[in-house]
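One structure is given here, and the rest of the page talks about it.
The values are calculated or read from the model by the stated rules, or taken from the named source; none is laboratory data. Because the structure is a prediction, the values reported are computed rather than measured. Cβ sites come from the backbone with ideal geometry, for glycine too, and all protein chains shown count toward neighbours.
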Amino acid sequence: MARSYIEPARGWHCIYNPTPFMSAQMKMALCCIALLSVAVAANSAQQPASARTVVYEGARLIIGDGSAPIDDGVFVVQNGRFTAVGRRGSTTAPAGAQHVSMSGKTVMPAMVNVHAHLGYEGYTSWGAAHYTDRNVLDHLQREAFYGTAVVQSVGSSPTEASIQFQRDQQAGKFPPAARFLFAPGFAPPNGGPDAVLRVATSALGAINEVSTPEQARAAVRRMALGRIKHVKLWFDDRGGTYPKLTPEVTRAIIDEAHLHGMIVHAHAIALADQKFVVSAGADVLVHMVQRERLDDEYLALLKQKRPYWATVIGLGDPTEVCNRDPFFEQALPPPVVTKIRATTERRPLEPSCGPPAPTAAAREQTMAENFPRMIAAGARIVLGTDTGVHPGHTFGSGEHVELARWVQLGLSPMDAIAAATSRPAELMGLSDLGTVAVGKRASFIVLDANPLENIRNTRRISAVYLDGAPFDRDAMVATWRKPTTAPR
Ligand SMILES: [Zn+2]
């Protein structure tokens, strides 16, 4: 697929080419002016869809909201939207419509991933130098390839460039891909992301560094003026090695965000830290407590607050690339696969194929205890993968790992699918996505096998449709395999 028509990003100067003598405040003021000038509507149109009417018949339909599947279903797609959904025979096909048999297939909504880190993975190397429109688009295409319709880049994407990217994507300037959303991040100076991501985000000035409640409130207000709806904060000292947001600054971010109707995602991995951010009103918990048992005080708090919860478990798991499953290799350049297989030493976040870490069994035991208790207490699980936080992870396939992990830990396949589709759509305010239902965008996955019988059947992808149009998965694979256009 040709990519040469992709325009270079405009208006990135205050992030990419700052005048050396310009103060940080001046740069922020310029960014703020740019923010003021745009309005980003998360659910506006992305791609033109075919106007023809198509009737798809015979598939098992998984609606995505947890309701019972329709075993011999029919749905009609017109202008990129579902205009009828039901049992076969329940709807009259519009005159002149094209009919497509989907007997033996299962259809589920395309997924919504609320937590990833786009732009830095280059597959030959990794870092800020890769952060371009073209590379963000490449990652979004990989997500679409694996059945994801929307991805939120959380905390690590530069604000102004991201707003511009959203505008360009909504204007139809890019080829089909997952829809890009982003949430600006907040951390204390030199805090926030892990050491690898931190280098990249620092180079782009992608994180709002705040030390006082006043700075925090002012920064959140700037985001509100830019009509940003989601923000992220890190509340973590990484084992005493990092500065951590103070409770006062954390409360200021959350309170100010809520004043403006914004949603706050909070990274916290220790029990005490999760307790604090939930009690302070964080709307979305990111990560799972994996080293401590949850206590009754926390469970009572969860019952009261019912936060959304992006578990992002899979990133800490051994990579599926080691299992020689072609599903995970198709979007990875062969040298990356070779390197992962040759890596036997375990390092945090780095994909490798060595023996389990000495701590793996204990982690597994704690997760097996904590996961069902979080769910029972009312944490509203949503799909997030953390893909892109570290080199060597594939965009899009991580979603399928996360789904299988949830089911392994006790969630039903039906609930897992709802947590990957309708619930994250609800969280992200995407009223046009997340279920196979009349009026929604016809973004769906066609599977060769039933994931309600085995959740790993979400990997048996026959086709992916975005806004009623088939996403050309074969063309993607061909592009990724061409040496001259190999992923950067
Ligand atoms: Zn993350």
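Every residue in segment 209-243 that is within 16 Å of the ligand (Cβ to nearest atom) and either under 22 Å from Val114 (Cβ atoms) or within 22 Å of the chain's Cα centre (by Cα) (or both), please.
His230, Val231, Lys232, Leu233, Trp234, Phe235, Asp236
Among the listed residues Val136, Val154, which satisfies the condition of being under 14 Å from the mean Cα position of the chain (by Cα), over 24 Å from Ile253 (Cβ atoms) and among the aliphatic types (A, V, I, L, M)? Before the answer, list the steps.
Numbers: Val154 fails: over 24 Å from Ile253 (Cβ atoms).
Going through Val136, Val154 in turn, the sole match is Val136.
Considering only residues that are of a type in the set (A, V, I, L, M, F, W, C), surrounded by fewer than 24 Cβ atoms within 10 Å (Cβ to Cβ) and in a loop (DSSP other than H, G, I, E, B), which ones fall in segment 273-287?
Correct list: Ala280 only.
Just the residues that are in a helix (DSSP H, G or I) and not basic (Lys, Arg), please, taken from segment 208-238.
If the condition is that a residue be in a helix (DSSP H, G or I) and not basic (Lys, Arg), then Pro213, Glu214, Gln215, Ala216, Ala218, Ala219, Val220, Met223, Ala224, Leu225 are the ones that fit.
Taking only pairs six or more apart or across chains, which ones have beta-carbon atoms under 7 Å, a first residue in segment 205-221 that is closer than 26 Å to Tyr120 by Cβ, and a second residue that is charged (D, E, K, R) and buried (at least 16 other Cβ atoms within 10 Å of the Cβ)?
Matching pairs, first to second residue: Ala216/Glu256; Val220/Glu256.
When you check His139 against the structure, is it within 16 Å of the ligand (Cβ to nearest atom), touching a residue at least 12 places away in the same chain (Cβ under 8 Å) and farther than 27 Å from Ala282 by Cα, yes or no?
Yes; evaluated as a whole, the condition is true for this residue.
Only one of Thr124, Thr91, Thr106, Thr148 is at pLDDT 95 or above, of a type in the set (Val, Ile, Thr), at negative phi and over 15 Å from the mean Cα position of the chain (by Cα); which? First the steps, then the outcome.
Numbers: Thr124 fails: at pLDDT 95 or above; Thr91 fails: at pLDDT 95 or above; Thr148 fails: over 15 Å from the mean Cα position of the chain (by Cα).
The match here is Thr106.
Of all residues in segment 113-131 being over 30 Å from Gly434 (Cβ atoms) and not in a loop (DSSP other than H, G, I, E, B), which is farthest from the ligand (Cβ to nearest atom)?
Here the residue is Ala129.
Working carefully through the options Met428, Met367, Met374, Met414, find the one that is among the hydrophobic types (A, V, I, L, M, F, W, C), farther than 23 Å from Ile455 by Cα and at pLDDT 95 or above.
Met428
Does Arg179 satisfy the condition of being within 23 Å of Leu383 (Cα to Cα) and not polar (S, T, N, Q)?
Criteria met by Arg179.
Here's a check for you: in segment 123-162, which residue that is of a type in the set (Val, Ile, Thr) and surrounded by 24 or more Cβ atoms within 10 Å (Cβ to Cβ) is nearest to Ile207 (Cα to Cα)?
Looking at the filtered set, the residue picked out is Thr159.
Being part of a helix (DSSP H, G or I), surrounded by 15 or more Cβ atoms within 10 Å (Cβ to Cβ) and not hydrophobic (A, V, I, L, M, F, W, C), is that true of even one residue in segment 350-361?
Within segment 350-361, not a single residue is part of a helix (DSSP H, G or I), surrounded by 15 or more Cβ atoms within 10 Å (Cβ to Cβ) and not hydrophobic (A, V, I, L, M, F, W, C).
Residues in segment 300-319 that are assigned to a helix (DSSP H, G or I), crowded, with 17+ Cβ neighbours inside 10 Å and in contact with a Gly (Cβ under 9 Å, 6 or more places away or on another chain): how many?
So the answer is 4.
Looking at (1) without any contact (Cβ under 8 Å) to a residue 12 or more places away in the chain; (2) under 20 Å from Thr385 (Cβ atoms), which is the only condition Ser422 fails?
(1)
For every residue, the table says whether it meets (1) within 16 Å of the ligand (Cβ to nearest atom); (2) basic (Lys, Arg); (3) farther than 30 Å from Val337 by Cα.
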residue: Gly378; (1), (2), (3): no, no, yes
residue: Pro391; (1), (2), (3): yes, no, no
residue: Ala404; (1), (2), (3): no, no, no
residue: Ser412; (1), (2), (3): no, no, yes
residue: Ala416; (1), (2), (3): no, no, no
residue: Asp432; (1), (2), (3): no, no, yes
residue: Lys440; (1), (2), (3): no, yes, yes
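When segment 163-182 is examined, which residues are found to be in contact with a Ser or Thr (Cβ under 6 Å, 6 or more places away or on another chain) and either modelled with pLDDT under 95 or surrounded by fewer than 24 Cβ atoms within 10 Å (Cβ to Cβ) (or both)?
Of everything in segment 163-182, just one residue is in contact with a Ser or Thr (Cβ under 6 Å, 6 or more places away or on another chain) and either modelled with pLDDT under 95 or surrounded by fewer than 24 Cβ atoms within 10 Å (Cβ to Cβ) (or both), namely Gln170.
Within segment 142-166, can you find the residues that are assigned to a strand (DSSP E or B) and either touching a Cys at 6+ places or on another chain (Cβ under 7 Å) or more than 15 Å from the ligand (Cβ to nearest atom) (or both)?
Within segment 142-166, Thr148, Ala149, Val150 meet the criteria.
Evaluate segment 328-339: report whether one residue or more is away from the ligand (no atom under 16 Å from the Cβ), out of contact with any helix residue (DSSP H, G or I) (no Cβ under 6 Å at 6 or more places or on another chain) and not in a helix (DSSP H, G or I).
For segment 328-339, residues away from the ligand (no atom under 16 Å from the Cβ), out of contact with any helix residue (DSSP H, G or I) (no Cβ under 6 Å at 6 or more places or on another chain) and not in a helix (DSSP H, G or I): present.
Of the conditions (1) under 21 Å from Ala416 (Cβ atoms); (2) part of a helix (DSSP H, G or I), Arg134 clears all except one; give me its number.
Result: Arg134 passes all but (1).
Using the structure shown, decide if Val389 is assigned to a loop (DSSP other than H, G, I, E, B), of a type in the set (Val, Ile, Thr) and more than 30 Å from Gly122 (Cα to Cα).
Taking the combined requirement at face value, the residue does not satisfy it.
Could you grab me the full set of residues in segment 291-314 that are more than 15 Å from the ligand (Cβ to nearest atom), more than 13 Å from Arg380 (Cβ to Cβ) and not basic (Lys, Arg)?
Scanning segment 291-314 gives Glu292, Leu294, Asp295, Asp296, Glu297, Tyr298, Leu299, Ala300, Leu301, Gln304.
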